[in-house]
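Before any comments, here is the structure.
Bear in mind that the values in this text are calculations on the coordinates, not laboratory data. Not measured: the values here are computed from a predicted model. So basically every Cβ, Gly included, is an ideal-geometry build from the backbone, and we count neighbours across all protein chains shown.
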Amino acid sequence: MTTPLQQALDVADLPVDEPARRRALADARVAPWPERRLEAWRYTSLHALGQRAPRPAAPPAAEPAPPRSVVFRDGHRTGAGLDGLAAGVRLTTGVAAPATAQGDVFDHLSAAFAVDGATLRVDAGTDAGDWLALLHRSGVGADRSWHLRHRIVLGSGARARVLLDCEGARGPALATVDTAIELAAGAELDLACVNAPAEALSLLLRNRVRLAAGARLRLQALDGGAAPSRHELTIDLAGAGASAQLGGAFVLAGRRHADLQLRLRHLAPGCTSTTAWRALADERARAVFDGHILVAAGADGTDARLECKSLLGSAQAEVDAKPVLEIHADDVRCAHGATVGQLDPAALFYLRSRGIPADAARAILVRAFAAEALAGFAGDWPLPARLAALAGLEEAV
């Protein structure tokens, strides 16, 4: 049974009437809609989204962009500040080649309606320098939909630092952002992901990363939730000695909902991964952490560690944490775990006794708790400052 959203899809809305987009549109109309009876969607309902009929967003006006960044608003590039990129670094815009399709309704919608995106290529042995930012903005208006597809390719021994930043204004929308990342042998990528969309935005992020031998990924993620915000993060450690260091936090309030679906696959010998996540849900918010580590046959020497620690700020808040290890190899070191608790009343009382207002005291504890997952990352990352704002510390003090 298709949803009203799927039934409203029309060839007349395609940005370009071409065979590939028509096929994708036809597939989107009949693809199974994600339901909670599916394990991957057990804690995240898209029923309300399926009853809507968002229309494709129109191209907005051009706007200035900060240095070393590209601004996308409602799925269209509106500004770029790309002067002074190092030789061997190419950042172009236009719809990127799609990531490996999962074949669900959102893949088909992206293939049919995506009109823009960014492609970053860094030549072998090149250091791209300071942070490069892809800024995703959702405007104010009637119910609408937009889609972006990005690609990041680092050559052997290349280095880059990339920020993927999503923010939304008031008003309902459906947005998908699909990023395919390829790291050649010995390449290093620092990737920062910030999701602070409007509460009415339904945001689906898909980041798919493949690492060759000796490649290194360092990823920080910060999610303020939406209606809902869902991040599907797939990382393949495909070459011997590849490594991934992941740290992230949910900071949720109101009725915001955030869902992380992590699939971390150790496919080659001698690979390492560490994953530390923090989830704080207040009021009637809900956080979902589904972290699955696979150690494939032959991936001997794997060292994989995963943890998720959560705090509930009210009796109506909910955190669903499901860490999973699936091991098909010998000679491995793996550990995983999850905890759920509440803010320490003694710590809160201590701050209050020093004259700190209640809201500020809670914000300080929230920030400290979430910041644990971001510790251990060397360098000047953009997320700590965003964490302070998301935790409400700036407003509280």
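Summary table below
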| item | result |
| --- | --- |
| Computed magnitude of the charge dipole of the chain (debye, nearest 20; Cβ of K, R +1, Cβ of D, E -1) | 380 |
| Trypsin sites (Lys or Arg not before Pro) within segment 1-100: DSSP coil, no more than 10 neighbouring Cβ in 10 Å | R37 |
| Charge dipole (segment 4-343, unit charges on Cβ, about Cα centre) - positive-most of V11, H147, V194 | V11 |
| For R144, R170, order by how many other beta-carbon atoms lie within 10 Å, fewest first | R170, R144 |
| Part-to-part distance (alpha-carbon centres) for segment 193-242 and segment 265-316, which is given in Å | 12 |
| Relative contact order (percent, whole number), segment 4-343, Cα cutoff 8 Å, 6+ residue spacing | 10 |
| Computed magnitude of the charge dipole of segment 238-298 (debye, nearest 20; Cβ of K, R +1, Cβ of D, E -1) | 100 |
| Rounded Å value of the spacing that divides the Cα centres of segment 102-165 and segment 361-384 | 25 |
| Spacing of the two label points (7 Å from each Cα toward its C-beta) at A378 and A347, in nm | 2.8 |
| Percent antiparallel among DSSP beta bridges (both partners in the chain, rounded to 5) | 10 |
| Farthest positive-ward along the chain dipole, Cα basis, beta-carbon charges - from A258, T179, I293 | A258 |
